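**Q** Input: one structure, supplied below.
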Amino acid sequence: MNKKEIRWFPMRVTYNRELKLKERLELLNIETFLPLKQQFVVYGGRKRLEMIPAVHNLLFVHSSREVLTNLKLTEEEFSPLRYMMYRPIDKTLNREILTINDREMENFIRVASLTDDRVMFLDYQKVAEKVGKRVVISDGDFAGIEGVVLRVDKNRRVVIKLDGVAAVALAFVPSAYLKFVGDGV
């Protein structure tokens with residue numbers, strides 16, 4: 001990978017500083033994405049509905065490896081950012097920094113940016129090995145979204161997976177809106 005090539009980097013953020021680092025990166029005109037969800041939080045005995053990170057310790061950054069590495073090395077406030085690594089099955093191969101292509105990230109952002117009950121964030125490990133049929137949604141609010149049909153909580157769902165990183169499922173998509181493409185994934 002070219003160190004100057006702009007890519008989406010899924011990055012681990014230590015100590016739940018996702019929101020703070022997102023704001024700071026955006027001040028530097030670096031695009032980020034942080035999936036959020038609504039959740040009731042109790043403060044002093046009172047419940048309040050708040051937006052919190054849907055996947056803790058994860059922030060997506062759209063930049064070059066060169067810029068990110070430079071920030072991490074020269075600015076102390078960016079030291080909590082950690083590259084996520086791809087671990088090949090063959091132990092003789094080197095680990096590589098995970099990146100996500102723009103098309104996959106666009107699909108993920110369109111779905112994961114919703115904060116209502118139409119989406120469910122999944123534990124990636126539970127769906128990582130599941131195989132399903134690849135689909136494109138042809139109509140409705142999610143037209144153009146690509147995903148995989150999987151069984152989640154005893155129901156068929158369209159799941160958008162970012163390999164090795166995260167997964168989000170749509171609560172309901174009518175069968176008539178699904179166009180099957182290719183074999184399994």
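**Q** Let me know the Rg and Dmax you get for the range 27-91 when you use only its Cα atoms, in Å.
**A** 16.5, 52
**Q** Still on this structure: Going Cα to Cα from Lys4, which lysines come in below 19 Å? Please leave out same-chain ones fewer than 8 positions away.
**A** Within the straight-line limit of under 19 Å, Lys4 reaches these lysines: Lys72.
**Q** Name the most mobile residue of Glu75, Glu146, Glu104, meaning the one with the largest mean-square fluctuation, in a Gaussian network model of the chain with Cα contacts below 10 Å.
**A** Ranking Glu75, Glu146, Glu104 by mean-square fluctuation puts Glu75 first.
**Q** Here's another thing I want to ask about it. In Å, what Kirkwood hydrodynamic radius results for the range 106-152 from the alpha-carbon pair distances?
**A** 11.9
**Q** Roll a 1.4 Å probe over the protein chains and send me the accessible area per residue for the chain in Å².
**A** 61
**Q** While we're here: Looking at the chain as a GNM with Cα springs under 10 Å, which of Lys154, Lys126, Lys72 has the largest mean-square fluctuation?
**A** Residue with maximal mean-square fluctuation among Lys154, Lys126, Lys72: Lys154.
**Q** Right, something else. Take the chain, compute every pairwise Cα distance, and split them into 10 Å bins from 0; I just need the percent in each bin.
**A** P(r) for the chain, in whole percents per bin: 9, 32, 34, 20, 5, 0.
**Q** At R0 = 30 Å, how high is the FRET efficiency between Leu28 and Ala128 if r is their beta carbon distance? Nearest 0.05 is fine.
**A** So, using R0 = 30 Å, E works out to roughly 0.35.
**Q** Given 0.36 nm per residue, what is the gain on full extension from Thr115 to Asp90 after removing their alpha carbon distance, in nm?
**A** 5.1 nm
**Q** For the range 1-101, what's the relative contact order in percent, using C-alpha pairs closer than 8 Å and at least 6 residues apart? All intermediate terms of the calculation are to be shown ahead of the outcome.
**A** On the way: 163 pairs, mean separation 39.5, N = 101.
Value for the range 1-101: 39 percent.
**Q** Just from its helices, what would the mean residue ellipticity at 222 nm be for the chain, if runs of 4 or more DSSP H residues each count -39500 (n - 2.57) and the sum is divided by every residue, rounded to the nearest 500 deg cm²/dmol?
**A** That comes out to -5500 deg cm²/dmol.
**Q** Got the relative contact order for the range 42-109 handy, in percent, Cα pairs under 8 Å and 6 or more residues apart?
**A** Answer for the range 42-109 is 14 percent.
**Q** While we're on this one: Please build a GNM for the chain, connecting alpha carbons under 10 Å apart, and tell me which residue among Tyr83, Tyr43, Tyr15 fluctuates the most.
**A** For the chain, modelled as a Gaussian network with Cα springs under 10 Å, the answer is Tyr43.
**Q** Working out 0.36 nm times the residue gap between Arg48 and Lys72, then minus their Cα-Cα distance, what length gain in nm do you get to one decimal?
**A** Going from the current span to full extension adds 5.2 nm.
**Q** Also: Val67: accessible area at probe 1.4 Å, nearest 10 Å²?
**A** Accessible area, nearest 10 Å²: 60 Å².
**Q** Taking the Cβ-Cβ separation of Ser175 and Ser79 as r and a Förster radius of 45 Å, what is the calculated FRET efficiency to the nearest 0.05?
**A** E(calc), rounded to 0.05, equals 0.40.
**Q** Would you mind calculating the relative contact order of the chain from Cα pairs under 8 angstrom and at least 6 residues apart, reporting the percent as a whole number?
**A** Relative CO of the chain lands at 21 percent.
**Q** Next up: Could you please state how large a percent of the accessible area of the range 50-185 is carbon and sulfur, counting protein chains only and using a 1.4 Å probe?
**A** Solvent-exposed carbon and sulfur of the range 50-185 make up 49 percent of the total.
The values are calculated or read from the model by the stated rules, or taken from the named source; none is laboratory data. Small disclaimer: the values here were computed from a predicted structure and weren't measured. When we count neighbours, we look across all protein chains shown, and the Cβ atoms used for this are built from the backbone with ideal geometry, even at glycine. For the accessible areas, the whole protein counts, side chains as well, though only heavy atoms, and no ligand, DNA or RNA atoms are used. Shrake-Rupley method; radii C 1.70, N 1.55, O 1.52, S 1.80 Å.
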